[in-house]
Ligand code: FAQ
């Protein structure tokens with residue numbers, strides 16, 4: 001796995017004295033806020049760690065279409081259907097920009113797919129949970145896209161140029177997604193008793209999985225220290241999780257819904273909410289492949305890959321014929 005390769009370089013967090021002159025000059029560029037571009041020299045660990053993070057991010061966008069795609073045919077109105085369809089298409093686009101960004105680091109898209117399909121690369125834990133009711137479309141937009149934005153807005157300033165630039169458009173679109181989700185929640189929370197119950201149930205089921213999207217607590221995060229030194233990540237997992245809780249709790253109050261955490265309290269001293277941690281055993285179980293929908297999600301992706309073989313083969317045959325015709329004409 002790429003992450004293991006990064007860890008196994010044994011070069012994480014070198015002091016300035018331990019760095020080679022080339023590594024020192026690279027770190028200086030990062031510290032001065034310069035962007036690193038594909039043809040620039042970069043340490044092997046930087047390249048591999050970026051492939052890992054961008055690749056996982058791309059896979060998350062692609063696998064992330066499945067829980068919502070499942071509801072397009074069952075959306076309650078034509079307007080809701082059009083909005084959801086547009087959102088799911090946006091996620092496909094995000095995956096494609098991110099695969100392009102990863103490709104600039106010398107990995108092919110086929111290799112990335114192979115790593116996804118064989119379980120060597122992860123995708124976000126959140127997409128291993130089922131979407132059981134229409135209210136889940138509200139909760140996914142509000143909470144899942146809300147958490148994604150919290151994480152991705154700082155990534156617009158990440159040190160790798162192609163990744164940072166991809167984030168700009170992605171963040172704009174995720175903001176629309178978050179609002180459409182919140183609007184679904186608002187409608188349901190102010191609807192009939194049954195609709196309000198469905199909205200509350202969706203919040204109950206998605207709250208902790210949304211908190212898990214930010215990754216393990218800082219003490220268990222293996223990549224944060226090096227990724228932050230290289231500005232591949234701009235904040236720690238716990239910092240972003242706290243920010244998400246602080247912004248989302250007042251939104252839940254506005255909806256008239258209850259965050260399913262009996263220990264949730266505003267802390268005057270810290271100026272933040274105190275909240276309960278997610279069940280980390282569940283998190284590690286889900287990212288090890290044992291979540292409620294892991295098998296289903298991967299099967300769906302593998303089937304899409306296999307079903308698309310004839311398109312890839314046709315396009316390659318067309319490219320070969322065009323090349324041969326061009327060569328013959330010359
Ligand atoms: N799920 O050392 P750390 C979206 C893994 S986009 C699965 O803290 P890191 C849009 C981690 O990979 C959502 N695995 O790792 C949308 C590592 O394993 P490895 C995706 C996770 O990288 C909305 C191990 O645990 N966003 O939702 C997760 O420094 C709606 C140790 O963790 C991104 O990918 C997790 N939640 O921090 C689409 C943003 N957390 O690789 C459709 C970019 C951790 O060694 C519908 N990524 N792991 O085998 C990041 O910011 C970081 O990669 C983190 C994790 C913060 C996710």
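The values are calculated or read from the model by the stated rules, or taken from the named source; none is laboratory data. None of the values given here were measured: they were computed from a predicted structure. Here Cβ is always computed from backbone atoms with ideal geometry, including for glycine, and neighbour counts include all displayed protein chains.
Brief remarks on what is shown
- Checklist (1) surrounded by 24 or more Cβ atoms within 10 Å (Cβ to Cβ); (2) more than 9 Å from the ligand (Cβ to nearest atom) applied to residue 190, failing item: (1)
- Put simply, of 13, 50 the only residue that is touching a residue at least 24 places away in the same chain (Cβ under 8 Å), in a loop (DSSP other than H, G, I, E, B) and under 14 Å from residue 226 (Cα atoms) is 13.
- Any hit, segment 248-258, residues being modelled with pLDDT under 95, away from the ligand (no atom under 16 Å from the Cβ) and either surrounded by 11 or more Cβ atoms within 10 Å (Cβ to Cβ) or not in a helix (DSSP H, G or I) (or both): no
- Residue in segment 73-94 that is farthest from residue 159 (Cα to Cα), counting only those that are surrounded by fewer than 21 Cβ atoms within 10 Å (Cβ to Cβ) and within 13 Å of the ligand (Cβ to nearest atom): 86
- Checked against the criterion of being within 24 Å of residue 185 (Cβ to Cβ), within 13 Å of the ligand (Cβ to nearest atom) and touching a residue at least 12 places away in the same chain (Cβ under 8 Å), the candidates 278, 292 yield just one match: 278.
- Residue within segment 104-112 that is away from the ligand (no atom under 13 Å from the Cβ), part of a helix (DSSP H, G or I) and touching a helix residue (DSSP H, G or I) at 6+ places or on another chain (Cβ under 6 Å) present: yes
- Residue count for segment 1-40 under the criterion of being modelled with pLDDT of 95 or more, within 30 Å of residue 114 (Cα to Cα) and either over 27 Å from the mean Cα position of the chain (by Cα) or within 16 Å of the ligand (Cβ to nearest atom) (or both): the result is 0.
- For segment 150-166, the count of residues that are closer than 30 Å to residue 194 by Cβ, surrounded by 21 or more Cβ atoms within 10 Å (Cβ to Cβ) and either more than 11 Å from the ligand (Cβ to nearest atom) or within 15 Å of the chain's Cα centre (by Cα) (or both) is zero.
- Test result for residue 176, crowded, with 16+ Cβ neighbours inside 10 Å, in contact (Cβ under 8 Å) with a residue 24 or more places away in the chain and not in a loop (DSSP other than H, G, I, E, B): no
- In the set (1) under 30 Å from residue 312 (Cα atoms); (2) within 13 Å of the ligand (Cβ to nearest atom), the condition left unmet by residue 136 is number (1).
- Members of segment 207-227 found to be more than 25 Å from residue 263 (Cα to Cα) and crowded, with 17+ Cβ neighbours inside 10 Å, listed by number: 223, 224, 226, 227
- Qualifying residue in segment 228-243 (condition: surrounded by fewer than 18 Cβ atoms within 10 Å (Cβ to Cβ) and out of contact with any helix residue (DSSP H, G or I) (no Cβ under 9 Å at 6 or more places or on another chain)): yes
- Residue selected from segment 218-245 under the condition part of a loop (DSSP other than H, G, I, E, B) and either under 15 Å from residue 155 (Cβ atoms) or under 15 Å from the mean Cα position of the chain (by Cα) (or both), by the criterion nearest to the ligand (Cβ to nearest atom): 223
- Only a single criterion out of (1) assigned to a helix (DSSP H, G or I); (2) free of Cβ contacts under 8 Å to residues at least 24 places away in the same chain; (3) under 16 Å from the mean Cα position of the chain (by Cα) is not satisfied by residue 215, namely (1).
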